[in-house]
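Reading through the structure tokens given below for one structure.
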Amino acid sequence: MSVVRPRGGGDAEDPTEEPVLEPDLADIVTLQRRQSAALTDGDEESFFLDTVAEYQWARDAAGLAVTTLDRLVKPVIEICQHYGLVPWRLTPRQVDRYFAGPGKRGRSTVRQKMNQIDHYFAFLEQRYAGEIARRFGAAVESPIDPFNRPKHRGDFGLRVPPSHRATREFFAGWRNSLEDARKPVIARRDYVMGKLTYISGVRAAELCGVCIGDVHWESGQWGRFLVNGKGAHGSGPRQREAYLFQEGRDLLWWYIEEVRGEFSDDPEDPRAPLFPSERLPPAVAALNVPTPGIAVTPSTFRKALKTAGQRFLTGPVTHLHPHLLRHACATHNYERGMSLWEVQKMLGHDRPTTTVSYLATAHADPEVASLAASGRAVQRLVMDKGNLR
């Protein structure tokens, strides 16, 4: 605080008069006074951008994926740009008006954005609430309150995969159309990706991230490939093995031998993506040297699968996406006799309860299972000649 000399004479102080400092003492001025004197809107905006960067650094240190880090702060920047305010100037009413008007999207999208805004404000309150109050005179409080906090309700729709017969006919029709495609190489790549998704049950992002060196032909009976699986319980991506089975091995071998070399990158590089994009970036292509390409994006794969589903899928299910093929893989393998534990291992789930949700449409018949179990028990008694051990 400023050290001032007491005024004499008992006269009323003039509020406009500057305080007189005591002689031989330093001019001590509080940080609040100095920063308030030179405070501008640009200072608040710069401080806001600094907190955004540090928030991403903190979440990066926690092990989140790069794509997740980019999505964390987009809703915060989006609503701040709409109102031209920094986050600690937002009010719950402004958030309500935005997501009920210009920012209105699907229910799950709005819920995700508001949760991300709330998490960012938790970071601000924990690390910068005191500094923001001192520098800008604003209290940090999340505009997501108990009244507008989104609830996860009403979007638990049952994912019904196509039947085993419809899936078989879908892939047969798609395979027969490859020769007549406008871009045969791209069509074959998309077909192999779709078929491998159904065979192995991997996610779209997992399949797009596979490199040539991640395929281990000698592992297991038919070979396996490594994928960076989805994290759980706050962890980052977990690497796991995905299964090819015999059909997947034959299909992938054909793709490597006949199709993969048609792309413009270097197929001999083990770091090259197994399923590359159609084109190289202009800066890389200008080098005119063999380099690993860039992987096809999950959104591109989803578009190709959606188009193929509209053309070749028959039956009540016509909208096809990669995660629905993952459900179909789990359901059809379970119906063919694969145990719950084996389906769980194939999908890479940490808990069997997660796998059970994938089997909600499996056509299980407890009565038939009971009769089959009784038949197996009778057969064991006959073979063992009545021995009940």
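The numbers here are math on the coordinates, done by the rules we state, and not lab data. Because the structure is predicted, anything quoted here is derived from the model rather than measured. All Cβ positions, even for glycine, are placed from backbone atoms using ideal geometry, and neighbour counts span all protein chains on display.
Could you give me D for segment 180-245, from Stokes-Einstein at 4 °C and 1.567 mPa s, where the hydrodynamic radius is the Kirkwood radius over C-alpha pairs? Units µm² s⁻¹, please. Mind showing how you got there, number by number?
Details: Rh = 13.0 Å.
Translational D for this selection: 100 µm²/s.
Work out the P(r) tail for segment 119-267: percent of alpha carbon pairs separated by more than 28 Å, whole number.
Values: 5120 of 11026 pairs.
So the portion of pairs separated by more than 28 Å is 46 percent.
Report the FRET efficiency, 1/(1 + (r/R0)^6), for K151 and A65, where r is their Cβ-Cβ distance and R0 is 22 Å, rounded to 0.05. Each step should come with its number before you reach the end.
Working: r = 27 Å, r/R0 = 1.21.
Between K151 and A65 the formula returns 0.25.
Please work out how much length the chain gains when fully extended from D250 to V382, using 0.36 nm per residue of separation minus the C-alpha to C-alpha distance, in nm with one decimal. Mind showing how you got there, number by number?
Numbers: separation 132, 0.36 × 132 = 47.52 nm, distance 4.15 nm.
Extra length available between D250 and V382 comes to 43.4 nm.
State, to one decimal in nm, how far the label point of Q221 lies from the label point of S357, with both points 7 Å from Cα in the Cβ direction.
Placing both labels 7 Å beyond Cα along the Cβ direction yields 3.1 nm.
Among 221-228, 53-60, how do they line up from the highest to the lowest mean number of other beta-carbon atoms within 10 Å? Walk me through the numbers before you get to the answer.
Numbers: 221-228: 18.5, 53-60: 14.8.
Answer by packing, highest mean first, reads 221-228, 53-60.
If the limit is 24 Å between Cα atoms, which of K195/K230; K74/K183; K195/K303; K151/K303; K74/K151; K74/K306 go over it?
Numbers: K195/K230 21 Å; K74/K183 35 Å; K195/K303 15 Å; K151/K303 30 Å; K74/K151 21 Å; K74/K306 27 Å.
Over 24 Å Cα-Cα: K74/K183; K151/K303; K74/K306.
What percent of all Cα-Cα pairs in segment 62-199 falls in each 5 Å bin, counting up from 0?
2, 8, 13, 14, 11, 10, 8, 8, 8, 7, 5, 3, 2, 0
Run the numbers for S339 and Q94: contour at 0.36 nm per residue of separation, minus the present Cα-Cα distance, in nm.
Working: separation 245, 0.36 × 245 = 88.20 nm, distance 5.18 nm.
Answer, rounded to one decimal: 83.0 nm.
For a test of the definition: using alpha carbon positions, the gyration tensor, and the 1.5 limit on a/c, classify segment 145-227 as rounded, prolate or oblate.
Numbers: a/c = 2.16, a/b = 1.54, b/c = 1.41.
Prolate.
If each of H323 and L178 carries a label point 7 Å out from its Cα toward its Cβ, how far apart are those two points in nm?
2.8 nm
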